[in-house]
Amino acid sequence: RKDIREGDLVRVQRAGDVIPQVVERIPEEGRERRPPFVMPTECPVCGTPVYEEGPRTICPNRFGCRAQLVAQIYHFGSRGALDIEGLGDETAKLLVDRELVRELADLFDITAEQLLELPGFAEKSAASLVDGIHARKRVELSRFLYGLGIPEVGTTVARDLALHFRSFAAVRAASREELEAVDGIGPRMSEAIRGFLDHDEIARAIDRILAKGVAPIPPEAPAATGLTGKKVLFTGTSSRPRAELKKLAEGAGARVVSSVSKETDYVVVGEDPGSKYDKAVELGVPILDEEGFLGVLRDAETEGAEGTLPLHLPSSGD
């Protein structure tokens with residue numbers, strides 16, 4: 001709509017909380033522009049005809065497209081998934097280009113000797129990556145679910161599924177109705193999850209991963225506290241990393257959400273909170289600053305069931 005082309009100079013502004021919005025193209029006198037972009041009718045990597053699904057143009061060749069395999073490997077080893085150090089985008093490309101990995105299960109067959117033949121690997125880095133891959137055969141169920149790349153399943157939904165079903169076998173066997181019993185999962189999400197797990201090729205690919213000795217670990221039930229089941233949203237910049245605050249909330253049994261609604265129990269704001277703060281005010285959702293949130297966590301720990309594990313919250317002087 002704005003006729004933006006590759007190589008153009010554009011003006012960008014912050015929209016909402018953090019999303020960059022392209023405001024306009026800035027004309028550059030004397031500079032020849034490239035032709036307008038045209039969406040390809042075939043995947044530029046594997047040549048498979050693409051199709052449109054809402055705003056997305058999709059290559060359906062999930063198991064034969066090398067670019068998709070690279071993305072699967074990178075996602076599988078990413079920080080929110082199996083968290084395999086050294087398995088970045090460039091390494092994933094090398095593994096696919098040299099045909100050491102033709103599917104995710106092949107990751108667990110890679111040897112240090114094979115890696116030494118790849119550019120950028122020495123004995124220490126090769127051994128470290130192989131050890132890191134095998135160390136993640138025992139991985140938290142939520143990380144495994146997220147790492148599979150199930151449509152609509154981000155880190156929060158993966159955690160909710162893991163806490164609700166407590167085993168991968170139970171998730172695989174769950175009906176759409178049972179999936180929708182999990183807070184936050186609706187008809188569209190349950191359909192996407194079941195469609196992924198019911199796909200014959202995907203099911204066989206998962207079976208081959210499990211056959212390599214990968215055993216997802218059931219989650220520990222969160223300690224029962226005054227925050228158990230509460231919905232908490234974070235917005236703005238705080239003194240502590242967002243991931244740390246989220247971990248504290250989840251450790252107290254809360255569910256961290258990404259959008260504000262009447263069902264949100266607390267909105268925790270930092271500097272420059274943006275539109276989510278405005279909506280919380282409009283809906284009358286309780287609003288806390290960082291110290292107020294930590295105070296609620298301490299109160300929740302005090303009110304928790306006898307014998308539950310402490311949250312080990314940092315004091316204001318830490």
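The values are calculated or read from the model by the stated rules, or taken from the named source; none is laboratory data. Quantities reported herein were computed from a predicted structural model and do not represent experimental measurements. Every residue, glycine among them, receives a Cβ derived from its backbone with ideal geometry; neighbour counts consider all protein chains shown. The area values use the complete protein model at the heavy-atom level, side chains included, leaving out ligands, DNA and RNA. Shrake-Rupley method; radii C 1.70, N 1.55, O 1.52, S 1.80 Å.
Things to note:
- Residue within the stretch 119-134 that is within 26 Å of ALA67 (Cβ to Cβ) and among the charged types (D, E, K, R) present: no
- Some residue of the stretch 46-67 being among the polar types (S, T, N, Q) and loosely packed, with under 10 Cβ neighbours inside 10 Å: no
- For the stretch 134-148, the candidate set comprises residues that are open to solvent by less than 30 Å² (accessible area, probe 1.4 Å) and part of a loop (DSSP other than H, G, I, E, B); within that set, the residue that is farthest from ASP106 (Cα to Cα) is VAL139.
- Residues of the stretch 221-280 satisfying the condition of being crowded, with 16+ Cβ neighbours inside 10 Å, of a type in the set (Val, Ile, Thr) and assigned to a strand (DSSP E or B): VAL232, THR235, VAL256, VAL267, VAL268, VAL269
- When residues in the stretch 281-301 are screened for being of a type in the set (A, V, I, L, M), assigned to a helix (DSSP H, G or I), in contact with a strand residue (DSSP E or B) (Cβ under 8 Å, 6 or more places away or on another chain) and closer than 16 Å to LEU248 by Cα, 1 of them pass.
- Search result, residues across the stretch 86-111 that are more than 18 Å from GLY213 (Cβ to Cβ) and not in a loop (DSSP other than H, G, I, E, B): ASP89, GLU90, THR91, ALA92, LYS93, LEU94, LEU95, VAL96, ASP97
- Near pairs, Cβ below 7 angstrom, 6+ apart or cross-chain, from the stretch 82-97 (open to solvent by less than 10 Å² (accessible area, probe 1.4 Å)) to any residue that is in a loop (DSSP other than H, G, I, E, B) and of a type in the set (Asp, Glu): none
- Contacts under 7 angstrom Cβ, first residue in the stretch 242-256 being in contact (Cβ under 8 Å) with a residue 12 or more places away in the chain, partner hydrophobic (A, V, I, L, M, F, W, C) and open to solvent by 40 Å² or more (accessible area, probe 1.4 Å), 6 or more apart: GLY253/ALA224
For every residue, the table says whether it meets (1) part of a helix (DSSP H, G or I); (2) open to solvent by 80 Å² or more (accessible area, probe 1.4 Å); (3) modelled with pLDDT of 95 or more.
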residue: ASP160; (1), (2), (3): yes, no, no
residue: LEU163; (1), (2), (3): yes, no, no
residue: VAL171; (1), (2), (3): yes, no, yes
residue: GLY184; (1), (2), (3): no, no, no
residue: ARG188; (1), (2), (3): yes, yes, no
residue: ARG194; (1), (2), (3): yes, no, yes
residue: ILE202; (1), (2), (3): yes, no, no
residue: ARG208; (1), (2), (3): yes, yes, yes
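- Residue count for the stretch 32-54, restricted to those that are part of a loop (DSSP other than H, G, I, E, B) and modelled with pLDDT of 90 or more: 16.
- In the stretch 23-42, the residues that are within 30 Å of PRO60 (Cα to Cα) and either of a type in the set (A, V, I, L, M, F, W, C) or open to solvent by less than 70 Å² (accessible area, probe 1.4 Å) (or both): PHE37, VAL38, MET39, PRO40
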